[in-house]
1. Does region 78-156 classify as rounded, prolate or oblate by the C-alpha gyration tensor (a ≥ b ≥ c root eigenvalues; a/c under 1.5 gives rounded; else a/b over b/c gives prolate, otherwise oblate)?
2. Taking a ≥ b ≥ c as the square roots of the eigenvalues of the Cα gyration tensor of region 263-394, is the shape rounded (a/c under 1.5), prolate (a/b larger than b/c) or oblate?
3. Is the shape of region 132-192 rounded, prolate or oblate, going by the alpha carbon gyration tensor and its root eigenvalues a ≥ b ≥ c, with a/c under 1.5 for rounded and a/b larger than b/c for prolate?
4. Fewest Cβ neighbours within 10 Å first, please rank 166, 267 accordingly.
5. Would you list 167, 67 from fewest to most Cβ contacts within 10 Å?
6. Please order 269, 326, 253 by the number of other Cβ within 10 Å, starting at the fewest.
7. Which Rg and Dmax, in Å, describe the Cα atoms of region 59-194?
8. Taking 2.2 N^0.38 Å as the expected size of a compact globular protein, what ratio does the Cα radius of gyration of region 167-228 give against it, to two decimals?
């Protein structure tokens, strides 16, 4: 009842009782008037209290306070994140839920008819304050009425990388989208290297959870981690993250400054096949899943490090990734039991040229390692070195 309605009721009652009092004699008038006054005061009090109750009672929870809703005919709220855990509630389609932002650190493969899902479990709370775990396939954003791939993908990523990883991923995306200069992009790239190296073990752990079962499709991750792409390695048994240098080069072209353009052009030169980083740069030829042959003797390594050395003289940007790339080359060319694709008549002259160039990119310690390898090439068999693998040589 509204406040104005209370007064209308009071005035109506007053009018009725005034008419009623007119029928009394003077002797009884005073007593009747006291009775009426008491009755009217009580009526007004009840009306006002009724009015107060209607305005101060807690309103129903607004829809905006809910995060999720059930989009299947019967969603099962479970005590633990497992299809074998006890069922707490059967939730009808449209049931509103609070997202408690906790996701299982594993996913579960479940088939519904001909469809197969591989989703994590979400910790949620009902409007009645009952907490439990719901399978991600069963929910959508509140008000959407149907499951959203984006929501499920984000929850899947959270199950792989954790909440802290999702925060770092959000920072990376924001930095990628707002980058405007070569210096800024250099910083984003170097932080991206750290992020990538953090995510790789978590992706590997995710892959191992399947224990020989065919891995699910996780290539959609590319849409959520700018500048990186997932690939299957180890004979298709493990997901791994690599940089997509085409994407970085396009980003560099949109910034001020030319240093980032030149750097990513050099990285494309290091991975010319598809511009995607891999375990085997241009100076290595992969011939089996876990290894291959060194291509020293084709002039590729000399050209790449000549360009990198000149680049390093002109700018301090990207110094850490250049150092890492140089270390990888040294490791590749000086490793034990190395197999060169080209004959010694080509390999030795290129290595001599690299040593004689004396680029600042190589430290004195690096040069010692290269010179030691050069000496070993003169007695290759003793040191387990093989040449001319392309011709079947040993």
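1. rounded
2. On the way: a/c = 2.04, a/b = 1.34, b/c = 1.53.
It comes out oblate by the Cα gyration axes.
3. Prolate, since a/c reaches 1.5 and a/b exceeds b/c.
4. Going from sparsest to densest Cβ surroundings: 166, 267.
5. The most exposed by this proxy come first: 167, 67.
6. Taking fewest neighbouring Cβ atoms as first place, the list is 253, 269, 326.
7. Every Cα atom of region 59-194 included, Rg and Dmax give 17.7, 55 Å.
8. Against the compact-globule rule of thumb, the ratio is 1.33.
Coordinate-derived values only; no laboratory data. Source: prediction; values computed, not measured. All Cβ positions, glycine included, derive from the backbone under ideal geometry; neighbour counts span all protein chains shown.
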